[in-house]
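The values are calculated or read from the model by the stated rules, or taken from the named source; none is laboratory data. Quantities reported herein were computed from a predicted structural model and do not represent experimental measurements. Neighbour counts run over all protein chains shown; Cβ positions are idealised from the backbone, glycine included. These accessible areas exclude ligands, DNA and RNA; they are computed on the full protein's heavy atoms, side chains included. Shrake-Rupley method; radii C 1.70, N 1.55, O 1.52, S 1.80 Å.
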Amino acid sequence: MGERVVVTIQHPAHVHFFRNAIAELEGRGYDIRVFVREKDVACELLEHYGI
């Protein structure tokens, strides 16, 4: 198992900020856990990007 990384999304803009980093780290074998605050459209954006 790779290293573990936790990402917290507390605002919809954080989805856009972190999505490429999440994809890059996953591609390198990191175990990514994303926690989201249900605010505005943050959850919908995560679903849209497959996160």
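Mind listing whichever residues of region 8-30 are touching a strand residue (DSSP E or B) at 6+ places or on another chain (Cβ under 7 Å) and either among the aromatic types (Phe, Trp, Tyr) or under 15 Å from GLY50 (Cα atoms) (or both)?
Of everything in region 8-30, those that are touching a strand residue (DSSP E or B) at 6+ places or on another chain (Cβ under 7 Å) and either among the aromatic types (Phe, Trp, Tyr) or under 15 Å from GLY50 (Cα atoms) (or both) turn out to be ILE9, VAL15, PHE18, ILE22, LEU25, GLU26, TYR30.
Would you mention how many residues in region 4-51 are acidic (Asp, Glu) and either in contact with an Asp or Glu (Cβ under 7 Å, 6 or more places away or on another chain) or open to solvent by less than 100 Å² (accessible area, probe 1.4 Å) (or both)?
Final tally of qualifying residues: 2.
Of all residues in region 29-51, which are basic (Lys, Arg) and modelled with pLDDT of 95 or more?
ARG33
Which of the residues that make up region 32-46 are under 15 Å from PHE18 (Cβ atoms) and either part of a helix (DSSP H, G or I) or touching a Ser or Thr at 6+ places or on another chain (Cβ under 7 Å) (or both)?
PHE35, ALA42, CYS43, LEU45, LEU46
Working only within region 22-38, note down all residues that are touching a residue at least 12 places away in the same chain (Cβ under 8 Å) and among the hydrophobic types (A, V, I, L, M, F, W, C).
Answer for region 22-38, where residues must be touching a residue at least 12 places away in the same chain (Cβ under 8 Å) and among the hydrophobic types (A, V, I, L, M, F, W, C): ILE22, LEU25, ILE32, VAL34, PHE35, VAL36.
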